[in-house]
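Student: Once you've had a glance at the structure underneath, I'll fire off some questions.
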Amino acid sequence: MTTYVTAGFVTGPRWVPPEKYGSRGRLPAEVATVSECLVDFVSPVRDWWLEPWFESVGEAREHPGHILSMSVPADQAAALTELMTGWIGDRPHPMIGNLARGAPAPDGSELGFEVLGFEAGRFHTWLCYSLLDETDVQPNGNGLIGTLAEAQGVADLISEEGFGPEEVTWFPARIAEH
């Protein structure tokens, strides 16, 4: 059984893919995502490197919208922490604190797995780059991938040279709603 470590929480609307998006009708009308490039999340409005992340579900509940958590497999938490620290330095960040503490994944409704990429201090989703069209993955009713193994396979595939954007480091994340 995989152990997950909480990275952080966002609150906001779900993403509504535009009709021109494509993906051969494989996405639902609304997609659960923690990607900052698809959704305008409620921001704690502290500093740019903190947006839009909250440290706890309690902080996120103070704002309107769907509350989603992002957790990563425990064996990938250190690598994500190192990647993020490379961009924001030693500034405090709720995600780095959660990952360093090994904060357990909170109770919530697991929605599925999102393949995220970290680049330039922000999280992108594989959907930003229309990479769904390059796979045989069938997203679930939340627009997410059903299993960690399948999400890891997608992350590995799009990390291959020449497939996805070179400057992005891709990884699977467990998404839950609270």
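Throughout, read-outs are computed from the coordinates displayed, never taken from laboratory work. A quick note: this is a predicted structure, and the numbers were derived from the prediction, not measured. Using ideal geometry, Cβ is built from the backbone for each residue, glycine included, and neighbour counts are taken over all protein chains shown.
Student: Around THR33, what is the net charge, scoring Lys/Arg as +1 and Asp/Glu as -1 over all other residues with Cβ under 11 Å from its Cβ?
Tutor: So the environment of THR33 carries a net charge of -2.
Student: At q = 0.08, 0.10, 0.11, 0.14 Å⁻¹, what log₁₀ I(q)/I(0) does a Debye calculation on the Cα points of the range 4-177 give, no solvent, two decimals?
Tutor: -0.21, -0.34, -0.41, -0.69
Student: How high is the relative contact order of the chain, in percent, counting Cα pairs under 8 Å that sit 6 or more residues apart?
Tutor: Relative CO of the chain lands at 30 percent.
Student: What is the calculated FRET efficiency for GLU160 to THR3, with r their C-beta to C-beta distance and R₀ = 30 Å, to the nearest 0.05?
Tutor: Rounded to the nearest 0.05, the efficiency is 0.65.
Student: Within a Cβ distance under 13 Å of ARG14, other residues only, what is the Lys/Arg minus Asp/Glu net charge?
Tutor: -4
Student: Can you give me the span-like helices of the chain, meaning DSSP H runs with 18 Å or more of Cα extent along the axis and Kyte-Doolittle mean at or above -1.0?
Tutor: Result, helices passing both filters: zero.
Student: Find the relative contact order for the range 103-178 and round it to a whole percent, using C-alpha pairs within less than 8 Å whose residues are 6+ positions apart.
Tutor: Values: 108 pairs, mean separation 36.2, N = 76.
Relative contact order, the range 103-178: 48 percent.
Student: Here is a follow-up. Residue separation times 0.36 nm, minus the C-alpha to C-alpha distance between GLU19 and ALA78: what's the value?
Tutor: Between GLU19 and ALA78, full extension yields an extra 17.4 nm.
Student: When the dipole is taken about the Cα centre of the chain, and only Lys, Arg (+1) and Asp, Glu (-1) are charged at their Cβ, what size is it in debye, to the nearest 20?
Tutor: 420
Student: Calculate, in nm to one decimal, what ASN140 and GLU62 gain on full extension: separation in residues at 0.36 nm each, minus their alpha carbon distance.
Tutor: Gain on stretching ASN140 to GLU62: 25.2 nm.
Student: Given the rule -39500 (n - 2.57) for each run of at least 4 DSSP H residues, summed and divided by the residues of the chain, what is its mean residue ellipticity at 222 nm, to the nearest 500 deg cm²/dmol?
Tutor: After summing the helix terms and dividing by the residues of the chain, the value is -5500 deg cm²/dmol.
Student: By count of other Cβ within 10 Å, fewest leading, how are GLU19, GLU30 ordered?
Tutor: Values: GLU19 6, GLU30 15.
Fewest-to-most ranking of GLU19, GLU30: GLU19, GLU30.
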